[in-house]
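Student: What follows is a structure written as structure tokens; I'll ask about it next.
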């Protein structure tokens, strides 16, 4: 899906079709939008360069891209993982010292009444956790060390 400005606002391309988009976002993260002929309500949570859109039981992650700033990835920061949004740690799935394959689940956090599983970005080892089950964490909090 691609998005861009039009003379009348914004539009996204979905399945090869240009769909006009307009809407409002209030101070509490409530989004009311019109996508073509469809009216939707969603919740938006902002965390750093990411926007998390919660709509109809699903979550989408949108990333702001600054063309003047080099893009960073987890590969650029191999030592730790930051919480993508405020939430509660509900499970630690990996054991420190055990080798994990790329994509293996490491921990689960709950945010906005939805579960978010943090997975290994590549083959590696969880050196240590910096959080515990039941702990509330803020967006950006370091959750673990990964090597």
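The values are calculated or read from the model by the stated rules, or taken from the named source; none is laboratory data. Quick caveat: nothing in here was measured; it's all calculated off a predicted structure. Positions of Cβ are backbone-derived with ideal geometry, glycine not excepted, and every protein chain shown enters the neighbour counts.
Student: Scanning the stretch 103-129 for residues that are in a loop (DSSP other than H, G, I, E, B) and surrounded by 14 or more Cβ atoms within 10 Å (Cβ to Cβ), which turns out modelled with the lowest pLDDT? Spell out the reasoning first.
Tutor: As a first pass, look at the stretch 103-129 and keep what is in a loop (DSSP other than H, G, I, E, B): 103-104, 112-113, 120-123.
Then drop every residue that is not surrounded by 14 or more Cβ atoms within 10 Å (Cβ to Cβ), which leaves 104, 112, 120-121.
Working: 104: 87, 112: 73, 120: 86, 121: 84.
Per the stated criteria, the residue is 112.
Student: Let me ask you something else. With respect to the numbered conditions (1) at positive phi; (2) modelled with pLDDT of 75 or more; (3) surrounded by 10 or more Cβ atoms within 10 Å (Cβ to Cβ), which one is the sole condition not fulfilled by residue 53?
Tutor: (1)
For every residue, the table says whether it meets (1) part of a strand (DSSP E or B); (2) within 20 Å of the chain's Cα centre (by Cα).
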position: 13; (1), (2): yes, no
position: 18; (1), (2): yes, no
position: 28; (1), (2): no, yes
position: 34; (1), (2): yes, no
position: 42; (1), (2): yes, yes
position: 45; (1), (2): yes, yes
position: 62; (1), (2): yes, yes
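Student: Determine whether the stretch 4-24 contains at least one residue that is closer than 30 Å to residue 127 by Cβ and modelled with pLDDT of 85 or more. Spell out how you get there, then give the answer.
Tutor: In the first step, residues of the stretch 4-24 are kept if they are closer than 30 Å to residue 127 by Cβ; the result is none.
Taking every residue of the stretch 4-24 in turn, none turns out to be closer than 30 Å to residue 127 by Cβ and modelled with pLDDT of 85 or more.
Student: In this structure, is residue 40 within 15 Å of residue 60 (Cβ to Cβ), surrounded by 10 or more Cβ atoms within 10 Å (Cβ to Cβ), in the same structural domain as residue 54 (by TED's automatic domain parsing) and modelled with pLDDT under 85?
Tutor: Details: within 15 Å of residue 60 (Cβ to Cβ): yes; surrounded by 10 or more Cβ atoms within 10 Å (Cβ to Cβ): yes; in the same structural domain as residue 54 (by TED's automatic domain parsing): yes; modelled with pLDDT under 85: no.
No, not satisfied.
Student: Among the residues of the stretch 83-100, is there at least one that is surrounded by fewer than 12 Cβ atoms within 10 Å (Cβ to Cβ), in contact with a strand residue (DSSP E or B) (Cβ under 6 Å, 6 or more places away or on another chain) and modelled with pLDDT under 75? Let's see the steps before the verdict.
Tutor: The first filter runs over the stretch 83-100 and keeps only residues surrounded by fewer than 12 Cβ atoms within 10 Å (Cβ to Cβ), leaving 95, 97-99.
Pick out the ones that are also in contact with a strand residue (DSSP E or B) (Cβ under 6 Å, 6 or more places away or on another chain) and you get 99.
From what's left, modelled with pLDDT under 75: none.
For the stretch 83-100, residues surrounded by fewer than 12 Cβ atoms within 10 Å (Cβ to Cβ), in contact with a strand residue (DSSP E or B) (Cβ under 6 Å, 6 or more places away or on another chain) and modelled with pLDDT under 75: absent.
Student: Looking at (1) within 26 Å of residue 62 (Cα to Cα); (2) not in a strand (DSSP E or B), which is the one condition that is false for residue 90?
Tutor: Unmet for residue 90, out of (1) within 26 Å of residue 62 (Cα to Cα); (2) not in a strand (DSSP E or B): (2).
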